[in-house]
Amino acid sequence: MLELELYTPPDIATRAVTALGAIDLDPASDLSGRSLIPAAAVLTREDDGLAHPWPGRVWIYPPQGRQTAAWVAKLLHEYHSKRTSAAIFYAPVDARAPWWQHLAAEATVCFPPGAHRAVCEDGSNLPRSRMSSVLAYLGPEPERFTTAMSDLGVVLRRSI
């Protein structure tokens, strides 16, 4: 089955930069020039972002499908090892998924209303999805994430 290349919607890309201050790495990028994530470094499918360290402030919009759990596991590993200082993970979410349970236990999250949004290679919007979206933040400044995302959707902060 042919995988569809999906890109971050412009309004979410802008909010991610605001929330993180800057983006040091996008480990799930492509080099087509369509990505709106202004990361200092990118890793593409050919680079295999899961096989490299993720230093600094990281944006992750992983390939959709069965690999999502591996991307969450990598994010949590990099964050706990302190290589990743802050990160935002954007994906469609099914609250029953084990990967979501692991991420939600540690993150501040934003739930934009409606169906998951993405931009396709040709610039069109992703056909209507049945899934909702989540933006999950790990890092030392949950207030900054909350401010950047609060007009996008409901933000829930992890209680300590």
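The values are calculated or read from the model by the stated rules, or taken from the named source; none is laboratory data. Nothing here was measured: the structure is a model prediction, and the numbers come from that model. A quick note on method: Cβ atoms are made from the backbone with ideal geometry, for glycine too, and the neighbour counts reach across all protein chains shown. For the accessible areas, the whole protein counts, side chains as well, though only heavy atoms, and no ligand, DNA or RNA atoms are used. Shrake-Rupley method; radii C 1.70, N 1.55, O 1.52, S 1.80 Å.
Observations on the structure shown:
- Within region 62-75, considering residues that are within 15 Å of residue 134 (Cβ to Cβ) and either open to solvent by less than 20 Å² (accessible area, probe 1.4 Å) or aliphatic (A, V, I, L, M) (or both), the one farthest from the chain's Cα centre (by Cα): 69
- Test for residue 16: is it in a strand (DSSP E or B), surrounded by 13 or more Cβ atoms within 10 Å (Cβ to Cβ), among the hydrophobic types (A, V, I, L, M, F, W, C) and in contact (Cβ under 8 Å) with a residue 40 or more places away in the chain: no
- Scope region 138-149; condition more than 9 Å from residue 19 (Cα to Cα) and either open to solvent by less than 70 Å² (accessible area, probe 1.4 Å) or of a type in the set (Lys, Arg) (or both); matching residues: 138, 139
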